[in-house]
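Trainee: Here you go, one structure.
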Amino acid sequence: MSETKPLYSKRPEWSDVVPVEQYEIVNPVAPIFYSEQYKDATNYFRAITKMGEKSPRVLELTESIIRQNPAHYTAWQYRYETLCATNASLADELKLMDEIAIKHLKTYQVWHHRRLLLTTLRKPKPELEFIKKVLHEDTKNYHTWSYRQWLLAHFGADGASINKDGEEEYDLADLWEGELDFVDSMLNQDVRNNSAWHHRFFVVWGCGIREGEQDRERVFKRELIYVKQNISLAPNNPSAWNYLRGILKSTKTPLSSVSTFVLPYTRPRDPTASRDIVDLENPPPSEGADLPSVQAVEFLADILEEKGSESDINQAVELWKSLATELDTIRRKYWEHRIRDAHLKLKASK
Amino acid sequence: MALTSTTSPQGSSSKEIPSTDTLLADLHVQYIQNLGKSTSDLTYHLTAHLRLNAIYWGYTALRIMGRGDALDRDEMIDFVMRCWDDAEGGFAAHPGHDAHLLSTLSAIQILIMQDALDRIDVERVVKFILSLQAPSGVFMGDKWGEEDTRFLYCAVSALSLLSSLHLLDQERTVQYLIDCKNYDGGFGSVIGAESHAARVFVCVGALAILGRMDVVDEETLGWWLAERQLPNGGLNGRPEKLEDVCYSFWVLSAMAILKKVGWIDEKKLVAFILSAQDPEGGGIADRPGDMPDVFHTLFGVAGEWILCF
Ligand SMILES: [Zn+2]
């Protein structure tokens, strides 16, 4: 905070402005002793907005307010209007924002302001680096991840790199190029980061198909191997299991296609199983993994229900019972619902 | 009481700290009543941008606890009306600020609960709300242009409360929600964003109001919501995140719409919510041991209410 700077009411360059006090005082008896500095700045801000002044000193004033209260959306909004009105350098503004964003990652306005700047600046590639750096501070920050998704969707779409004059402003392929490696590095840091798994889905399945990714069969196989390997490292990771479900669903592949892979995760460890044979399609649970995995048991029950014969359903019911009474008791009522539901369906099919 | 007592010199307190096994409704009522009185705090001024929302949260919590009379009706309506932004035709969060969708919904909700909707120019408010719909179908919070399914919900809910849904481009609105649907059955804040319990509530809430629950994959989403409960009873907003009292509302209300509240372990969740109460000063925090605030107080009380309802 700018502790060393004098109050606006003491600065000669602001002497032409009459500050506007907060007129709302709910309890006039209570003395106002909230920060003198914040009060001073917002008094001048109220005056400025009333006058409609848009000048360099307004940028200084709004910066001071934002640093004290980054959620002050009117100050952000007025700042952006002032930037545009004074033809200020948006590149400089972005540099300033690099510093402010890192301090206030959880504030909506920080990200929206960036988005406005980028829409005009149209230089998406360095942003990806910036986001990577910021995610280092807070690996699951919702705003940061959705900003990255916006950036890729907005600037990464077909034709998005061509400006009004028909010139190519940045390399489209280059923008996407590092995305899978980036997700991979995030997951290497924390394989349970759901935001990173979601982002992988967004990149591979959710936002268009790019050069080198057209062979969907190959992409599907690659993703299957990738997610299975990660499940093998941490068999109780719901995000990875969800990703597996997601890619099967989006390619309309039956759950049973991965039965062989799922099975060893649904049982206590088999001490006799050899780990010498490397089977990429079916990597076994890592040593020391906590088995059985709840998500695997759940998955196997879904496979059985999907198959649908009476004996399959009966086996599924047994699995749901073990979830309800032993493995996942907090969701007992949900598993009981699945049992009831399966019985009803079985009855109806007879 | 808690305001005057500081530390006792003997180190022993004369007043008894109540147990958090039950909802400490009287204390919460006092806590909410006292909120408006600490206007000298810096925090009070730093949260001016949420003032009207905070009044809505506090008043709704009071209504749920059957104590709607604990705040002065005329003062409240007067404050709401002073938040009217005549240039924009909507409500700001604070007198002198700019109109925003979040505060506009809060204003409408407060006025309806206070039976004072006749104080507003419905036609102008509806025009303001509709003006914030983006070409994609999502809504912006204000003219500054931030987009989020939160704002879409605010718009749909407000229009419905003002009996003006027929003026909304519903196809476009629903299409945006369809585009926000993720592989896990949940919804995010914008197209492409990760599923998040609070966004699931706003998207499902909007679809329910619009009569378009066919868009929702109810089994998958119900499962995803049930998955939010952690062994300690609390609910989180995304996989592998910490539990937080506010998700009691976001998750439960979405499950209530799906008619699946029964999938939650109610006893454990209630115990978790109650353990986050401040047994001295009142109010509920995000999790046990943290400072209470009015937002989590409402969502704790509301969560408890959904479970008992
Ligand atoms: Zn919370």
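Trainee: Determine ³J(HN,Hα), in whole Hz, for all residues of region A:205-220 in sequence, where each value follows from phi through the Karplus function 6.51 cos²θ - 1.76 cosθ + 1.60 and θ = phi - 60°; x replaces Gly and Pro.
Mentor: Ordered by residue, 3J(HN,Hα) equals 10, x, 9, x, 10, 9, 2, x, 10, 6, 6, 5, 4, 5, 4, 4 Hz.
Trainee: Under the Kirkwood approximation for Rh and a Cα-based Rg, what ratio Rg/Rh is obtained for region A:129-226?
Mentor: For region A:129-226, the value is 0.99.
Trainee: Follow-up question, since we're still on this one. Using a Förster distance of 35 Å, how high is the FRET efficiency between A:ASP92 and A:GLN214, based on the Cβ-Cβ distance and rounded to 0.05?
Mentor: 0.25
Trainee: Report the rotationally averaged projected area of chain B based on its alpha-carbon convex hull, in square nanometres.
Mentor: For chain B, the mean projected area of the Cα convex hull comes to 16.8 nm².
Trainee: While we're looking at this one, here's another question. Cβ under 10 Å from A:HIS113's Cβ, A:HIS113 left aside: what net charge do those residues give with Lys, Arg +1 and Asp, Glu -1?
Mentor: Combined, the nearby Lys, Arg, Asp and Glu give +1.
Trainee: Provide the per-residue ³J(HN,Hα) series for region B:176-191, in order, calculated from phi with Karplus coefficients 6.51, -1.76, 1.60 and θ = phi - 60°, each as a whole number of Hz, with x at glycine and proline positions.
Mentor: 4, 5, 4, 5, 8, 6, 9, 5, 8, x, x, 9, x, 7, 9, 4
Trainee: Let me ask something else. Percent of accessible area on the protein assembly as shown owned by carbon and sulfur, 1.4 Å probe?
Mentor: 53
Trainee: Hey, another quick one. For A:LYS321 and A:ARG269, FRET efficiency with R0 = 22 Å and r from the beta-carbon atoms, rounded to 0.05?
Mentor: 0.50
Trainee: Scale the Cα Rg of chain A by the rule-of-thumb value 2.2 N^0.38 Å and send over the ratio, two decimals.
Mentor: With N residues counted in chain A, Rg over 2.2 N^0.38 Å equals 1.38.
Trainee: Separate question: Let's test the formula: R0 of 45 Å, r as the Cβ-Cβ distance of A:ASP171 and A:LYS307. What FRET efficiency results, to the nearest 0.05?
Mentor: Efficiency computed from Cβ-Cβ geometry: 0.40.
Trainee: Could you work out the relative contact order of chain A, using alpha carbon pairs under 8 angstrom and six or more residues apart, expressed as a whole percent?
Mentor: So the answer I get is 8 percent.
Trainee: Within region B:138-156, what residues put their amide N at less than 19 Å from the label point 7 Å along the Cα-to-Cβ vector of B:ALA87?
Mentor: B:141-146, by backbone N distance to the label point.
Trainee: Can you give me the pair-distance distribution of region A:170-317, C-alpha pairs, 5 Å bins, whole percents?
Mentor: Once binned at 5 Å, the Cα pair distances of region A:170-317 give 2, 9, 17, 20, 19, 15, 9, 5, 3, 1, 0, 0.
Trainee: Arrange the peptides A:114-120, A:213-219, A:70-76, B:263-269 so that the one whose residues have, on average, the most other Cβ atoms within 10 Å appears first.
Mentor: Most protected by this proxy first, the peptides run A:70-76, B:263-269, A:114-120, A:213-219.
Trainee: Can you divide the C-alpha Rg of the protein assembly as shown by 2.2 N^0.38 Å and report the result to two decimal places?
Mentor: Relative to the 2.2 N^0.38 Å estimate, the protein assembly as shown comes out at 1.04.
The values are calculated or read from the model by the stated rules, or taken from the named source; none is laboratory data. Values in this document were obtained by computation on a predicted structure and should not be read as measured data. Virtual Cβ from ideal backbone geometry, glycine too; neighbours counted across all protein chains shown. Please note that ligands, DNA and RNA were not included when accessible areas were found on the heavy atoms of the full protein model with its side chains. Shrake-Rupley method; radii C 1.70, N 1.55, O 1.52, S 1.80 Å.
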